[in-house]
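**Q** Sharing a structure, written as structure tokens. Questions coming.
Here, each number is a calculation from the coordinates, and none is a lab measurement. Given the structure is predicted, the values throughout are model-derived calculations rather than measurements. Every residue, glycine among them, receives a Cβ derived from its backbone with ideal geometry; neighbour counts consider all protein chains shown.
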Amino acid sequence: MNKNDGAFDVSIDDAFNFLSEEYTELFERSDAAAFQHPLWLDNLYRKLAPAAGAKPLVVVVRHRANQALAVVLPMLRVRRGPMRTIEFADLRVSDYLSPVCSVATFADLLQDQGACEKLRQLLRPFDLLRVPKLLDARMPIENLLGAPHRSLMDTNAYATVLVAPFEQWQINALGKSYQKELAKKWRQIHKKGTLTFACCQDDASVAEAMETMKKFRGPRFHEQGDGDLLQRPEYFDFYSSVALRGMGSFTRLYAMKMDGNVIATALGLVHRGSVLVVMTAFDVAGYKSQSIGALTFESVAKDCIARGDRVLDFTIGDEPYKMQFGGQPTPMSGVTQAGSAAGSLALFALKQAPWIKQAAKRVTDLRPIRTSTGTR
């Protein structure tokens, strides 16, 4: 008999409190990503899930000996067309998905066959179960779910290592030619007026930056044809709430101003020495020739280095600028499991000819990646 058999109790708690002390403590000692932070998930379940018609499906695993919280799987039941899908808490805003626990605890859970079987039973019924955006394989969730092997996604994540002083990072990440080009852009933009760059420190500055971000992103993404989530009231409310509630700890909202007017913004999540850029916006019409996006990212990197951050994470998406700033690609993977004949048919269709694949996506609405951070 395995020593871990019977070590865990598994249940569903759809009213789980992500702001509770026990979850906060679990998250702090876990190997989860910033997108499983208490504030992020609390906002997602309260603001986005109801608007999307998604129902909470929170799997809670406790140590049987003392009922201490061991693992949380933040999931949702979402009806996509005729398909009953189970997904990780994402709704197009989270870039990295992960069980909330330590790698060691996850390994122990996999050894408890009874707990694993109970977990799989609790998730049924479903047509499709989807867990995309997996950054690494340290916690093989496919083994926990009894799902097929994970497959590579068609996109990567990018992050650049930060080193002090800032000038050394410039040499390492940008290269001499790009450094020279950006220096020229800085000279140009400074001639236009008084330029400032800082983190928002109060409610009023956050509100101003978020409204400006919404204004800049709307026309740009409308022209590209894929729309912008920030134009939807529930998503604007979500990002604004995260920015406000996490100000000074979990979030940083940067604003670049020209003569007191916001011309660029960047929202980042702060997590264990990394700053993850989740949304940006720029006054492209007014400052396109000055490469306003690039100047903003260089300013963010400089501030992060001054604060002692070790990594600037550009998250998901293969936009060229990320490698220009020293970003190194990390492959992303995902797990998909059929739970019915209809689900199996949908998965089969998704792997076939392009026109069949597009038809299947329309039926299941399986969009794998959230809207771009705005620098595409």
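**Q** Using Cβ counts within 10 Å as a stand-in for footprinting exposure, how do 102, 30, 94 rank, fewest first? Show your work: numbers first, answer last.
**A** Numbers: 102 18, 30 21, 94 24.
The order, fewest Cβ neighbours first, is 102, 30, 94.
**Q** Measuring from label point to label point, each 7 Å out along Cα→Cβ, what is the residue 187 to residue 341 span in nm?
**A** Taking the simple label geometry, residue 187 and residue 341 are separated by 7.2 nm.
**Q** Expressed as a whole number of Å, what is the distance separating the alpha-carbon centroids of the range 9-77 and the range 252-328?
**A** Cα centroid of the range 252-328 versus Cα centroid of the range 9-77: 30 Å apart.
**Q** List, in the order given, every pair from 47/118; 133/288; 184/215; 257/302 whose Cα-Cα distance in the structure shown is over 20 Å.
**A** On the way: 47/118 30 Å; 133/288 32 Å; 184/215 28 Å; 257/302 17 Å.
Checking Cα-Cα distances, 47/118; 133/288; 184/215 exceed 20 Å.
**Q** Efficiency by 1/(1 + (r/R0)^6): what FRET value for residue 241 and residue 168, r their Cβ-Cβ distance, R0 = 35 Å, to the nearest 0.05? Please list the in-between numbers first.
**A** Details: r = 37 Å, r/R0 = 1.06.
My answer for the efficiency is 0.40.
**Q** Subtract the Cα-Cα distance of residue 25 and residue 261 from 0.36 nm times their separation in residues, and report this length gain in nm to one decimal.
**A** Working: separation 236, 0.36 × 236 = 84.96 nm, distance 4.04 nm.
Length difference between fully extended and current span is 80.9 nm.
**Q** Here's another thing I want to ask about it. How would 63, 271 line up from fewest to most surrounding beta-carbon atoms within 10 angstrom? Each step should come with its number before you reach the end.
**A** Numbers: 63 15, 271 19.
Going from sparsest to densest Cβ surroundings: 63, 271.
**Q** At residue 104 and residue 348, where each label point lies 7 Å from the Cα along Cα→Cβ, what is the point-to-point distance in nanometres?
**A** Spacing of the two 7 Å Cα→Cβ label points: 4.6 nm.
**Q** Pull out a ≥ b ≥ c, the square roots of the eigenvalues of the alpha-carbon gyration tensor of the range 94-143, then state rounded if a/c is under 1.5, prolate if not and a/b is larger than b/c, and oblate in the remaining case. The partial results should precede the final answer.
**A** Details: a/c = 2.45, a/b = 1.07, b/c = 2.30.
Since a/c reaches 1.5 but b/c is at least a/b, the shape of the range 94-143 is classed as oblate.
**Q** What is the gain in length, in nm to one decimal, between residue 15 and residue 288 on full extension, counting 0.36 nm per residue of separation less the C-alpha to C-alpha distance?
**A** Working: separation 273, 0.36 × 273 = 98.28 nm, distance 4.70 nm.
Once the chain is fully extended between residue 15 and residue 288, it gains 93.6 nm.
**Q** On to the next question. With a/c under 1.5 counting as rounded, go ahead and sort the range 163-309 into rounded, prolate or oblate using the C-alpha gyration tensor (a ≥ b ≥ c being the square roots of the eigenvalues; past the cut-off, prolate if a/b is larger than b/c, else oblate). It would help to have the intermediate numbers written out before the result.
**A** Working: a/c = 1.71, a/b = 1.23, b/c = 1.39.
Cα axes put the range 163-309 in the oblate bin.
**Q** Which length gain, in nm to one decimal place, applies between residue 323 and residue 122 when the Cα-Cα distance is subtracted from 0.36 nm times their residue separation? Show your work: numbers first, answer last.
**A** Numbers: separation 201, 0.36 × 201 = 72.36 nm, distance 4.28 nm.
Computed gain between residue 323 and residue 122 is 68.1 nm.
**Q** When DSSP beta bridges are limited to those with both residues in the range 1-145, what percentage is antiparallel, rounded to the nearest 5?
**A** Numbers: 20 of 23 bridges.
Percentage antiparallel, nearest 5: 85.
**Q** Determine, from the Cβ-Cβ distance of residue 55 and residue 198 and an R0 of 41 Å, the FRET efficiency 1/(1 + (r/R0)^6), rounded to the nearest 0.05.
**A** Working: r = 41 Å, r/R0 = 1.00.
So, using R0 = 41 Å, E works out to roughly 0.50.
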